[in-house]
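Q: Submitted below is the structure of interest, expressed as structure tokens.
Derivation of every value follows stated rules applied to the coordinates shown; laboratory data play no part. Note that the structure is predicted; figures quoted are calculated from it, not measured. Every residue, glycine as well, gets a Cβ built from its backbone with ideal geometry; the counts of neighbours run over all protein chains shown.
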There are 2 protein chains.
Amino acid sequence: MHQTERQFVERLRALASRHAPARRGTMRLRRGIGDDCAVFSIVPSSDSRRSDSRPDSRNDLLVTTDLFLEGVHFRREWQPPASVGHKVLARGLSDIAAMGGVPRYAFLSLAFPKQTPAKWMDEFLRGLLQLAETSGVALAGGDTSASPSGVVADIMVMGEVPRNTAVLRSGARPGDEIWVTGQLGGAALALAALRKRKKASLAAATLQPLFYPQPRLRIGRALRERELASAMIDLSDGLSIDLARLCKESGVGARIEEAAIPRSARTPLDCALHGGEDFELLFTVRSERTRLLSRRIGGVPLTRIGRIVRGRKLELMRGGKALPLPVRGFEHF
Amino acid sequence: MHQTERQFVERLRALASRHAPARRGTMRLRRGIGDDCAVFSIVPSSDSRRSDSRPDSRNDLLVTTDLFLEGVHFRREWQPPASVGHKVLARGLSDIAAMGGVPRYAFLSLAFPKQTPAKWMDEFLRGLLQLAETSGVALAGGDTSASPSGVVADIMVMGEVPRNTAVLRSGARPGDEIWVTGQLGGAALALAALRKRKKASLAAATLQPLFYPQPRLRIGRALRERELASAMIDLSDGLSIDLARLCKESGVGARIEEAAIPRSARTPLDCALHGGEDFELLFTVRSERTRLLSRRIGGVPLTRIGRIVRGRKLELMRGGKALPLPVRGFEHF
């Protein structure tokens, strides 16, 4: 994130919170900028004639938006169009998963250059709609435009959770265990290999984590239903930076075990610690509840990698020694 | 709209409707692609223990997304940054107005080049948040990214209307009168003047319709509350094409009076007929209800320009003669 972008986001957060009352009409914003999704409750309208003050809906609404830009998030010469469509939606679904939510509807804003081949567009749509179908999401609208340069996509996903049950970034407490889903660093490893221009020689299995990440909807939902996750975030930008975000929102520190970080034998530690785009989930569990946690959900392993501690320090345990955890990766708001 | 884009939108509409059941969880999609906004009702969840089948919320939810791209929708060298921020949000608000809705929350996705001056960003935000404040909208989230070329903005606006009262494009019937708000063609006139590169010589009043269009939220809402509009659309792409869209969705034709089209003395007919970005409202009124219609709402004139007819033809009346109305302008989905 460059300086102007950082300043802009800081200014936006300050201004948005000043301008954002908790309630507009029948929508109450329970959580705005600073989590994976915004969370809204639907409350009785002010001119309601109902005498009771029960909420209008038993479910809260989740909303997330994610940009996916050619030249920033993907390269058309590297990535098959079906994978681009898949990832556009996967980014939004992963945010819903990180709240323990169930995705319902998506809106796609898409700009593309005039010379984009029809076949590319078809494959893009196929990749997107296939993931929509398997995730139970319907495309409800959007916008298209010509683009003066590369492909520009912005996905908005709406989902829901039972009222007051969305898993926030802010719920971690000292003593909680830190867990992650799946293996980390696979997407960064694939990207590094592509940068060395040897795509033809790369196995499909190597590229899979980068090209077809699977949003962990089932796991996020199960953790929320069983009340196992005290806080959760998706690993879109890298373990170190996303852990730092969760700790900041919770007002805590963390200590993670280098040896415990789940990665393949070929994946360098740096990819697993700081590589983005894995779209796995990082979550915290109260220590007395970890005995209720399965070690695998839907075939995906869950791994304990550390513990939440008092204070604000992030530490990496290596051979019994505590080192400061460097925080690197992308930043968004 | 170029050929690939047209094909893409057609394919998307077909696929989306096939993949989109009317209901997902507690959200029922009442109106998807093909109107100014998507319309959702909040219904009881399937595991509800309530015995009654009343809807969960008395309000329907409106959702719209709009792209605004440098080099397509604006030029940075022509347009002040506050105006860019204003228009990003105005586009979304205008869609809410066209449903008779009240806007509540907005999400901004924004990508900009690294070298964008901080002052430009500040002014952009100022323009956007000023319109948000006067429109009663709070910024609830979004995404930012670096952009490899120009500024890319996508706005998502959520609004609401009392259940089942959103004014759709599809409600026009033969015999209905056709009305528009304000004056048409002002934005196209300003754009034509800018293209002649004489910005310094242009009066602020000339540029106002292009740089600071006012979404007609108050009028849209008043028409919906008084049950005066049988169908409505905002004039984002031009009178002829937006009228054609409303007629297509309603399955009707239209006859408009050239002499009745409201435009300033300096505005050529072509600008008023086909010029985009006016963000005025076009709406239809049952003939027996037009006596209830004010000729001015909030200082903005309302003008009758024609009538809905049977069939599918769009005609322009000039000196008593009916000519085919050429349809030109931008197309989106």
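Q: Using 0.36 nm per residue of separation minus the Cα-Cα distance, give me the extension gain between B:A260 and B:K248 in nm, one decimal.
A: Values: separation 12, 0.36 × 12 = 4.32 nm, distance 2.25 nm.
Taking B:A260 through B:K248 to full extension adds about 2.1 nm, to one decimal.
Q: Here's another thing I want to ask about it. Which one of A:S149, A:S230, A:S250 has the biggest mean-square fluctuation once chain A is modelled by GNM with Cα springs under 10 Å?
A: Residue with maximal mean-square fluctuation among A:S149, A:S230, A:S250: A:S149.
Q: Here is a further query. Antiparallel DSSP bridges in the protein assembly as shown: what percent, to the nearest 5? Present the calculation step by step, with values, prior to reporting the outcome.
A: Details: 104 of 132 bridges.
Given both bridge residues lie in the protein assembly as shown, the antiparallel proportion sits at roughly 80 percent.
Q: Restricting to chain A, compute how many DSSP beta bridges are antiparallel as a %, nearest 5. Walk me through the intermediate numbers first.
A: Details: 52 of 66 bridges.
Once the DSSP bridges in chain A are tallied, antiparallel ones form about 80 percent.
Q: Here's something else I'd like to know. Shortest first and in nm with one decimal, please list how far the A:A260 label point sits from its counterparts in the other copies (point 7 Å along Cα→Cβ).
A: 7.4
Q: Given Cβ point charges of +1 (Lys, Arg) and -1 (Asp, Glu) and nothing else, what value in debye, to the nearest 20, does the dipole of the protein assembly as shown about its Cα centre take?
A: On the way: 104 positive and 70 negative charges, 90 e Å.
Result for the protein assembly as shown is approximately 440 debye, rounded to the nearest 20.
Q: Follow-up. Helix check for chain B. Which DSSP H runs span at least 18 Å along their own axis by Cα, with a mean Kyte-Doolittle hydropathy no less than -1.0?
A: Values: long enough: B:3-19 (24 Å, -1.09); B:81-97 (24 Å, 0.40); B:118-135 (26 Å, -0.09).
In chain B, the long hydrophobic H runs are B:81-97, B:118-135.
Q: Now for a separate question. State, in angstrom, two size descriptors of segment A:169-324 derived from its alpha carbons: Rg to one decimal place and Dmax to the nearest whole number.
A: Over segment A:169-324's Cα set, Rg and Dmax evaluate to 15.5, 49 Å.
Q: Of A:P215, A:P113, B:A203, which is farthest towards the positive pole of the protein assembly as shown's charge dipole, taken about the Cα centre with +1 and -1 on the beta-carbons of Lys, Arg and Asp, Glu respectively?
A: Working it through, the farthest residue towards the positive pole turns out to be A:P215.
Q: Treat every Asp and Glu Cβ in segment A:91-240 as -1 and every Lys and Arg Cβ as +1, leave all other atoms uncharged, and give the resulting dipole magnitude about the Cα centre to the nearest 20 debye. Write down the numbers at each step before the final one.
A: Working: 18 positive and 13 negative charges, 104 e Å.
With Lys and Arg at +1 and Asp and Glu at -1, about 500 debye.
Q: Something else about it: Only Lys, Arg, Asp and Glu count, each charged at its Cβ (+1, +1, -1, -1), so figure out the dipole size of chain A about its Cα centre, rounded to 20 debye.
A: On the way: 52 positive and 35 negative charges, 147 e Å.
With only Lys, Arg, Asp and Glu charged at Cβ, the dipole is about 700 debye.
Q: Got a sec? Charge dipole of the protein assembly as shown, +1 on Cβ for Lys and Arg, -1 for Asp and Glu; which of A:P80, A:L228, A:T64 is way out at the positive end?
A: Among A:P80, A:L228, A:T64, the one farthest towards the positive end of the dipole of the protein assembly as shown is A:L228.
Q: May I ask you to compute the full-extension gain from B:R13 to B:R328, defined as 0.36 nm times their residue separation minus their alpha-carbon distance, rounded to one decimal in nm?
A: Numbers: separation 315, 0.36 × 315 = 113.40 nm, distance 2.15 nm.
Difference between extended and current length: 111.3 nm.
Q: Most fluctuating residue of B:T116, B:T267, B:T303 in a GNM of chain B with Cα springs under 10 Å: which is it?
A: Result for chain B, Cα springs under 10 Å: B:T116 fluctuates most.
Q: Something else now. Over chain A, with a Gaussian network built from C-alpha contacts below 10 Å, which listed residue (A:A254, A:A16, A:A187) shows the highest mean-square fluctuation?
A: Largest GNM mean-square fluctuation: A:A16.
Q: Under a point spin-label approximation (7 Å from Cα along Cα-to-Cβ), what is the A:R312-A:N164 distance to one decimal in nm?
A: It works out to 3.1 nm between the two label points.
Q: Also, I was wondering about something else. Treating the point 7 Å from Cα along Cα-beta-carbon as the label, what are the nm separations from B:K196 to the other copies, to one decimal?
A: Taking the point 7 Å beyond Cα along Cα→Cβ, the inter-copy spacings are 6.2 nm.
Q: Mind listing the long-range amide H neighbours of A:T144? Cut-off is under 5 Å, sequence gap 5 or more, other chains count too, H placed in the peptide plane at 1.01 Å from N.
A: A:L110, B:F333
Q: Continuing with this model, one more query. Averaged over peptide A:66-77, how many Cβ atoms belonging to another chain are found within 10 Å of each residue's Cβ?
A: Details: counts 4, 11, 3, 7, 2, 4, 5, 2, 0, 0, 0, 0.
Going residue by residue through A:66-77 and averaging, the value is 3.
Q: Another question, then. Listed here are the pairs A:K119/B:K87; A:K114/B:K248; A:K248/A:K321; which of them are more than 28 Å apart at the Cα?
A: Numbers: A:K119/B:K87 33 Å; A:K114/B:K248 26 Å; A:K248/A:K321 24 Å.
In this structure, A:K119/B:K87 lie more than 28 Å apart at Cα.
Q: Can I ask one more? Gain in length, A:Q130 to A:R173, computed as 0.36 nm per residue apart minus the alpha-carbon separation, to one decimal in nm? Kindly include the intermediate steps, with their values, before the conclusion.
A: On the way: separation 43, 0.36 × 43 = 15.48 nm, distance 3.86 nm.
11.6 nm is the gain from fully extending A:Q130 to A:R173.
Q: Would you kindly work out, in nm and rounded to one decimal, the distances from the label point of B:K313 to those of the same position in each other copy, ordered shortest first, with label points 7 Å along Cα-to-Cβ?
A: 8.4
Q: Once both labels are modelled 7 Å past Cα along the beta-carbon direction, what's the B:S287-A:R195 spacing in nm?
A: If labels sit at B:S287 and A:R195, their model points lie 7.1 nm apart.
Q: Need one word for segment B:113-160: rounded, prolate or oblate. Basis is the Cα gyration tensor (sqrt eigenvalues a ≥ b ≥ c); a/c below 1.5 gives rounded, then a/b vs b/c decides. Don't jump to the answer; show the numbers that get you there.
A: Details: a/c = 3.12, a/b = 1.64, b/c = 1.91.
Judged from the Cα gyration tensor, segment B:113-160 comes out oblate (a/c at least 1.5, b/c at or above a/b).
Q: Using amide H atoms built in the peptide plane, which far-off residues or other-chain residues are under 5 Å from A:I297 H to H?
A: A:L302
Q: Report, for segment B:20-162, the % of DSSP beta bridges that are antiparallel, rounded to 5. List each step's numbers first, then the result.
A: Numbers: 29 of 39 bridges.
Close to 75 percent.
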